[in-house]
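Please treat every number below as a calculation from the coordinates, not as lab data. Quantities reported herein were computed from a predicted structural model and do not represent experimental measurements. Backbone-built Cβ (ideal geometry, glycine too); neighbour counts: all protein chains shown.
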Amino acid sequence: NQTSEAIRKSREDLDVYKEHYDNLLAEDKVLDRSFKKEFSEIPSHQVDMLYKLFKRRPRIHKQKMQSDTTSIVPFGERPGSGKLNKEAYAQLMKAMDDLDNINNMPEGLDPLVWEHFCMTRRVKVENEQKVKQKAAGLMEMVAFLRRRVEEDEQVQQDIEKAFHELVL
């Protein structure tokens, strides 16, 4: 049955995608946990101050996505959402440039430490964006698969009903 095969393939794709998502999430947690080790050579009060700045994120205006998810097949390319994501990502990176400005450096901090901090925070923010993008893709894929399973069940019921009517 063609729909059952499509569902099986979609489940496989979903499993692979979920594994990538889980790996990204684990990587993100490692980045968070290793922060204080990364700056162990500076005084702890400065590390605490930097950690607060590390957790801080720029405020950016979120654009609404048009969600006609009934016709979109999330297992392939999604050119529309990619363009929107690139724009949001560019906006985020511009806001990060503002946060990374030397004027935001805590007083008494070595500029080389600030530079290293900004690079570390940027890696974390970029990874968070990847996690968000994967999570959104995962949600689309799950919703798509759920619809396909429901459609497949409906087709099976229709076939059984028609077959039953033929027998009678």
Worksheet item: Using only helices, what value at 222 nm comes out for the chain when you add -39,500 (n - 2.57) per DSSP H run of length 4 or more and divide by the total residues, to the nearest 500 deg cm²/dmol?
Response: -26500 deg cm²/dmol
Worksheet item: What pairs from Lys37/Lys124; Lys29/Lys130; Lys36/Lys132 go past 18 Å between their alpha carbons?
Response: Lys36/Lys132
Worksheet entry | Signed unit charges on C-beta, dipole axis of the chain, positive-most listed residue Gln133, Ala6, Val123 | Val123
Response to the item:
Expressed in nanometres to one decimal, the distance between label points 7 Å along Cα→Cβ at Ala6 and His116 is 5.5
Fill in: In Å, descending, principal axis extents of the Cα set of the chain
88, 29, 19
Worksheet, complete the sentence: Least to most buried among Glu151, Glu5, by other C-beta atoms within 10 Å and fewest first, runs Glu5, Glu151
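What is the calculated FRET efficiency for Ser44 to Val16, with r their C-beta to C-beta distance and R₀ = 45 Å, to the nearest 0.05?
0.60
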Worksheet item: Where in segment 13-47 does the label zone of Val131 land, with the point 7 angstrom along Cα→C-beta and an amide N cut-off under 14 Å?
Response: 21-35
Fill in: Simple label model, 7 Å out from Cα along Cβ direction - Ala162 to Lys55, nm
6.0
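Using R₀ = 25 Å, calculate the FRET efficiency as 1/(1 + (r/R₀)^6) where r is the Cβ-Cβ separation of Met139 and Asn23; round to 0.05.
About 0.90, to the nearest 0.05.
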